[in-house]
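The values are calculated or read from the model by the stated rules, or taken from the named source; none is laboratory data. A quick note: this is a predicted structure, and the numbers were derived from the prediction, not measured. So basically every Cβ, Gly included, is an ideal-geometry build from the backbone, and we count neighbours across all protein chains shown. For the accessible areas, the whole protein counts, side chains as well, though only heavy atoms, and no ligand, DNA or RNA atoms are used. Shrake-Rupley method; radii C 1.70, N 1.55, O 1.52, S 1.80 Å.
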Amino acid sequence: MKKFLLGTNWKMNKTLAEATKYTDELITVIEKHAQLEIFIIPSYTHLWKIKELIDTKKSALKLGAQNMHYEDAGQFTGEISPVMLKEIGLDIIELGHCERRQYFNETDETVNLKTLAALKHGFIPLICIGEKAEDKSYNVSKEMLAKQLKIALTNVSRDAIGKFWIAYEPVWAIGVNGIPAETPYVKEIHDFLRSVLVDLYGTAGKDVPLLFGGSVNINNASDYAQLENVDGLFIGRSAWEPDLFDEIMVAVGKVVK
Ligand code: PGA
């Protein structure tokens, strides 16, 4: 059974004590939701401890990092390499989040190098793409998204299908000032992204998991989750408390097959 993907990026939030408490509670919560694949993406400093907790409890909770360098080692002060993250035993590496693009000079080219490195090391790259409000206002969202997607997937072969995930997160929908996207718009863009993937990979492109993110909350999660080309949801603020995340899991669990 293909599980519906549901996860949260914590961004730069939570102390270690908060992170372990959250994870402990979440591990209990997710046992009720076998049809969902739940994942969390904490800060680097919490990863070892959280992985230990997940393993001790033999939980199915998946764990990821928020970024990664593409080189195995080198003169890159402040960076973390795939080899280091591999030692922890992570499942997922989030790449190209709009905050990384906006504040830390992440580009489509570096997202591509990181995607290739993540696949080489056996991680699932969770590649984030999204158009800005300005792109939308000039009606060039699709062009921008196709460009981001095609560059990120350059030299990613058909064999990798199923081993990478794409998150569509419109920049204007993300964070405290974000405006939730209308469901028909999400449908239109996800259908478009699917067509780009099919252009790139043939029918295998239908098997690439496509997640939606940006102001996902208890009021809109099940509407988005019902769309044909939405295979998962990627959530920030609304999943930062285990009980609120649980409410979203319940709502989504009712509508996904
Ligand atoms: P948000 O964040 O749900 O708080 O809008 C989403 C994201 O940044 O992925």
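The table that follows gives values for the structure above.
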| item | result |
| --- | --- |
| Single condition THR154 does not satisfy, out of (1) assigned to a loop (DSSP other than H, G, I, E, B); (2) touching a Ser or Thr at 6+ places or on another chain (Cβ under 8 Å) | (2) |
| So ASP246, is it away from the ligand (no atom under 15 Å from the Cβ) and touching a residue at least 24 places away in the same chain (Cβ under 8 Å) | yes |
| Some residue of the stretch 113-123 being within 16 Å of the ligand (Cβ to nearest atom) and open to solvent by less than 20 Å² (accessible area, probe 1.4 Å) | no |
| Entirely in the stretch 40-131, the strands (runs of 3 or more DSSP E) that have 1 or more residues that are in contact (Cβ under 8 Å) with a residue 12 or more places away in the chain, among the charged types (D, E, K, R) and within 28 Å of ALA173 (Cα to Cα) | 62-65, 92-95 |
| Any chance GLY232 is under 25 Å from ASP159 (Cβ atoms) and open to solvent by 20 Å² or more (accessible area, probe 1.4 Å) | no |
| Check on VAL216, open to solvent by less than 10 Å² (accessible area, probe 1.4 Å), near the ligand (Cβ under 10 Å from one of its atoms) and touching a residue at least 12 places away in the same chain (Cβ under 8 Å) | yes |
| Tabulated pairs, the stretch 174-192, first in contact (Cβ under 8 Å) with a residue 40 or more places away in the chain and among the charged types (D, E, K, R), second open to solvent by less than 40 Å² (accessible area, probe 1.4 Å) and not in a helix (DSSP H, G or I), C-beta under 6 angstrom, 6+ apart or interchain | LYS187/LEU227 |
| First in the stretch 1-23 and assigned to a helix (DSSP H, G or I), second anywhere and within 16 Å of the ligand (Cβ to nearest atom) and among the basic types (Lys, Arg), Cβ under 7 Å, 6 or more apart | TYR22/LYS14 |
| In the stretch 134-153, the residues that are open to solvent by 60 Å² or more (accessible area, probe 1.4 Å) and touching a residue at least 24 places away in the same chain (Cβ under 8 Å) | LYS136, LYS142, LYS147, LYS150 |
